[in-house]
Amino acid sequence: RIEAAQALTGTKDKKAAHAGLLFLAVKAKGDVSAGAAAKLAGFNKPATYEALALSVKHSEGETRRSAASALSRLGTPKGLAPLAAADTKDADSGESMLVAIRTIYAKQPLDFVLKGTKNRDETLRRQAVATLGKLVKTQKGKGARKTIVKTLEPLSEAKDASIRAAAARSYGSMGGDDVKPRILKLAADQAVEVQRAVAYALRAFPGQDAFKLLTGYTTKTDAPLIANAVESLGVLKQASALDSVVTHLQHKDVRVRRAATGALVNIGGELPDEKRKPMLNFFSQAIFDKDADVRLKAVTGLRLVKDPRTVTALAALLKDPVKPVRQATLNAMASTGSSSAVEAIATGLEDEDNEVRMTAIRALGNLKQKSAAKVLTDYAKAEKDTTLASEARKVAAGLK
């Protein structure tokens with residue numbers, strides 16, 4: 001049935017393709033289900049919401065995150081209830097659900113979001129409060145900053161810690177000197193929910209106050225708090241935060257590892273080439289992480305390190321089970337410009353996925369090594385897919 005559904009998605013009949021995607025998003029696994037859920041964003045139909053409501057509860061995190069993203073791209077209030085019904089506390093995909101809810105709210109008129117701050121559903125109510133600050137920067141909330149600031153004031157002092165936390169997140173979306181005193185006041189709040197939100201929001205208020213608070217948060221024991229603080233330090237790109245970031249690269253919680261790896265990439269991008277070399281060891285360890293997102297970030301980090309040894313480090317990911325990781329690895333190898341990468345990238349020409357093989361072809365072209373021309377020419381003779389074979393010959397001709 002999965003094979004039949006996949007066949008349907010390849011037809012030009014939109015109704016049939018939609019039916020195939022609905023089945024795959026719910027019943028399939030791995031890249032197949034995740035990819036199908038993502039493509040459902042192109043079908044604003046009742047059946048789509050029904051399938052995505054099931055996909056946000058899929059057994060695999062990748063599909064849950066993909067389904068949440070699809071609902072956010074559809075951008076209609078119909079997506080709010082399915083997202084709120086998902087497990088928003090799940091370490092692997094919970095935050096994706098909350099982000100999707102806020103994204104949908106941000107696409108609605110201000111009055112709709114204000115009404116949402118009184119919703120009976122606690123998840124939707126909190127996210128509506130957390131979205132108010134975003135509206136300041138949208139066309140629908142243009143000119144409403146004073147109204148939003150006034151609305152947030154009592155919410156930032158609410159008895160419910162989760163509402164205070166949501167207000168803090170809104171302040172982070174707004175930024176500005178007019179709300180900075182509010183966020184600093186909330187920084188003294190002892191509720192962990194509020195501290196988490198403040199740690200996220202402080203990225204919008206650069207300066208010594210923020211840096212001191214964030215580095216302090218990284219020494220706490222709460223994983224979401226540490227993750228938000230580390231991620232904010234990465235956004236602020238302060239080299240002096242490197243020790244606080246590196247300390248958490250191998251944290252037991254995946255959220256912290258993701259944040260730390262991403263932060264190291266952000267800060268590393270601001271450093272001169274010579275000071276990036278020590279990062280080779282950190283990212284080389286991260287590519288073996290069991291989490292695909294961490295591995296993807298590690299690949300990006302290795303691209304920053306101008307060292308031929310990165311080819312050897314990246315080779316471990318050429319057989320990664322996640323397609324985007326394999327593709328990112330091939331492109332990272334191409335960016336090295338090293339002749340030693342020709343043979344490694346060529347293994348991608350044997351990948352079972354057509355898109356990965358196409359990535360390998362173009363990566364060999366971007367590598368700009370003449371020795372890759374023969375590899376591509378030989379490959380083109382054996383490749384049965386005419387599109388891939390044609391591209392290989394074209395790229396090979398450009399290398400001669």
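The values are calculated or read from the model by the stated rules, or taken from the named source; none is laboratory data. In this text, all values refer to a predicted model and were calculated from it rather than measured experimentally. Quick reminder, even Gly has a Cβ in these numbers, built from the backbone with ideal geometry, and neighbours come from all protein chains shown. Accessible surface is based on the protein model in full, side chains and every heavy atom, while ligands, DNA and RNA are left aside. Shrake-Rupley method; radii C 1.70, N 1.55, O 1.52, S 1.80 Å.
With respect to Val136, is the statement that it is open to solvent by 20 Å² or more (accessible area, probe 1.4 Å), on the phi < 0 side of the Ramachandran plot and modelled with pLDDT under 95 true?
yes
For segment 386-400, which positions are loosely packed, with under 13 Cβ neighbours inside 10 Å and of a type outside the set (Ser, Thr, Tyr)?
Answer for segment 386-400, where residues must be loosely packed, with under 13 Cβ neighbours inside 10 Å and of a type outside the set (Ser, Thr, Tyr): Ala397, Gly398, Lys400.
So which residues in segment 357-385 are open to solvent by 20 Å² or more (accessible area, probe 1.4 Å), closer than 29 Å to Val32 by Cβ and among the hydrophobic types (A, V, I, L, M, F, W, C), if there are any at all?
Passing the criteria: Met358, Ala382.
Identify all residues within segment 321-356 that are closer than 21 Å to Ser33 by Cα and open to solvent by 10 Å² or more (accessible area, probe 1.4 Å); write none if there are none.
First, the residues of segment 321-356 that are closer than 21 Å to Ser33 by Cα: 321-328, 351-356.
If the condition is that a residue be closer than 21 Å to Ser33 by Cα and open to solvent by 10 Å² or more (accessible area, probe 1.4 Å), then Pro321, Val322, Lys323, Pro324, Arg326, Gln327, Ala328, Asp351, Glu352, Asp353, Asn354, Glu355 are the ones that fit.
Here are some residues: Thr261, Thr247. Which one is hydroxyl-bearing (Ser, Thr, Tyr) and closer than 21 Å to Ala313 by Cβ?
On the way: Thr247 fails: closer than 21 Å to Ala313 by Cβ.
Going through Thr261, Thr247 in turn, just one is hydroxyl-bearing (Ser, Thr, Tyr) and closer than 21 Å to Ala313 by Cβ: Thr261.
Can you tell me how many residues in segment 285-317 are open to solvent by less than 30 Å² (accessible area, probe 1.4 Å) and among the polar types (S, T, N, Q)? It would help to see each step written out before you state the result.
In the first step, residues of segment 285-317 are kept if they are open to solvent by less than 30 Å² (accessible area, probe 1.4 Å); the result is 286-287, 289, 291-292, 294-295, 298-299, 301-302, 305, 307, 310-311, 313-314, 317.
Now drop any that are not among the polar types (S, T, N, Q), which leaves 310.
Residues flagged as open to solvent by less than 30 Å² (accessible area, probe 1.4 Å) and among the polar types (S, T, N, Q) within segment 285-317 amount to 1.
With the checklist (1) under 16 Å from Thr117 (Cβ atoms); (2) open to solvent by 60 Å² or more (accessible area, probe 1.4 Å); (3) more than 28 Å from the chain's Cα centre (by Cα) in hand, flag the one item Val149 doesn't pass.
(2)
Does segment 254-271 include one or more residues that are aliphatic (A, V, I, L, M), loosely packed, with under 15 Cβ neighbours inside 10 Å, out of contact with any Lys or Arg (no Cβ under 6 Å at 6 or more places or on another chain) and modelled with pLDDT under 95?
No, every residue in segment 254-271 fails to be aliphatic (A, V, I, L, M), loosely packed, with under 15 Cβ neighbours inside 10 Å, out of contact with any Lys or Arg (no Cβ under 6 Å at 6 or more places or on another chain) and modelled with pLDDT under 95.
Scanning segment 101-119 for residues that are in a loop (DSSP other than H, G, I, E, B) and not basic (Lys, Arg), which turns out most open to solvent (accessible area, probe 1.4 Å)? Before the answer, list the steps.
Residues of segment 101-119 that are in a loop (DSSP other than H, G, I, E, B), as a first pass: 107-109, 117-119.
From what's left, not basic (Lys, Arg): 108-109, 117, 119.
Working: Gln108: 21, Pro109: 69, Thr117: 22, Asn119: 52 Å².
Checking each candidate, the answer is Pro109.
Give the number of residues within segment 152-163 that are under 22 Å from Asp121 (Cβ atoms), open to solvent by 40 Å² or more (accessible area, probe 1.4 Å) and not in a loop (DSSP other than H, G, I, E, B).
As a first pass, look at segment 152-163 and keep what is under 22 Å from Asp121 (Cβ atoms): 152, 154-156, 158-163.
Subsequent filtering for residues that are open to solvent by 40 Å² or more (accessible area, probe 1.4 Å) retains 154, 159-160.
Checking which are not in a loop (DSSP other than H, G, I, E, B) leaves us with 154.
So the answer is 1.
So which helices (runs of 4 or more DSSP H) stay within segment 1-94 end to end and still have 1 or more residues that are more than 25 Å from Ala106 (Cα to Cα)?
On the way: elements: 2-9, 14-27, 30-39, 46-55, 61-74, 80-85.
Where helices (runs of 4 or more DSSP H) fall fully within segment 1-94 and carry at least 1 residues being more than 25 Å from Ala106 (Cα to Cα), they are 2-9, 14-27, 30-39.
Within segment 232-267, can you find the residues that are under 15 Å from the mean Cα position of the chain (by Cα) and of a type in the set (Val, Ile, Thr)?
Within segment 232-267, Val235, Val254, Val256, Thr261, Val265 qualify.
Which of the residues spanning segment 89-120 are free of Cβ contacts under 8 Å to residues at least 40 places away in the same chain and of a type in the set (Asp, Glu)? Walk me through how you get there before you give the answer.
Just the residues of segment 89-120 that are free of Cβ contacts under 8 Å to residues at least 40 places away in the same chain, to begin with: 89-90, 93-94, 96, 98-120.
Asp90, Asp111, listed by residue number.
Among the residues that make up segment 44-66, is at least one of them within 24 Å of Arg169 (Cα to Cα), small (Gly, Ala, Ser), crowded, with 19+ Cβ neighbours inside 10 Å and modelled with pLDDT of 95 or more?
Yes, the conditions are met somewhere in segment 44-66.
Just the residues that are in contact with a helix residue (DSSP H, G or I) (Cβ under 9 Å, 6 or more places away or on another chain) and of a type in the set (S, T, N, Q), please, taken from segment 191-231.
Gln195, Thr215, Thr218, Thr219, Asn228
One line per residue, one yes/no per condition, for (1) modelled with pLDDT of 95 or more; (2) open to solvent by 70 Å² or more (accessible area, probe 1.4 Å); (3) more than 26 Å from the chain's Cα centre (by Cα):
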residue: Glu95; (1), (2), (3): no, yes, no
residue: Val99; (1), (2), (3): yes, no, no
residue: Asp121; (1), (2), (3): yes, no, yes
residue: Val129; (1), (2), (3): yes, no, no
residue: Ala166; (1), (2), (3): yes, no, no
residue: Tyr171; (1), (2), (3): yes, no, no
residue: Ala191; (1), (2), (3): yes, no, yes
residue: Val198; (1), (2), (3): yes, no, no
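Being of a type in the set (Asp, Glu) and in contact with a Lys or Arg (Cβ under 9 Å, 6 or more places away or on another chain) is the filter here; which residues of segment 1-31 pass it?
Start the filter on segment 1-31 by keeping residues that are of a type in the set (Asp, Glu), which leaves 3, 13, 31.
Residue satisfying the conditions is Asp31 alone.
Which pairs do you get when a residue that is on the phi > 0 side of the Ramachandran plot and β-branched (Val, Ile, Thr), found in segment 204-223, comes within reach of a residue that is open to solvent by 30 Å² or more (accessible area, probe 1.4 Å) and not in a helix (DSSP H, G or I), reach meaning Cβ atoms under 6 angstrom, with the pair 6+ apart or on two chains?
Pairs that qualify, where the first residue is on the phi > 0 side of the Ramachandran plot and β-branched (Val, Ile, Thr) and the partner is open to solvent by 30 Å² or more (accessible area, probe 1.4 Å) and not in a helix (DSSP H, G or I): there are none.
Residue check: is Lys29 in contact (Cβ under 8 Å) with a residue 24 or more places away in the chain, surrounded by fewer than 18 Cβ atoms within 10 Å (Cβ to Cβ) and over 29 Å from Asn354 (Cα atoms)? So that I can check it myself, show each step before the final result.
On the way: in contact (Cβ under 8 Å) with a residue 24 or more places away in the chain: yes; surrounded by fewer than 18 Cβ atoms within 10 Å (Cβ to Cβ): yes; over 29 Å from Asn354 (Cα atoms): no.
So Lys29 fails the test.
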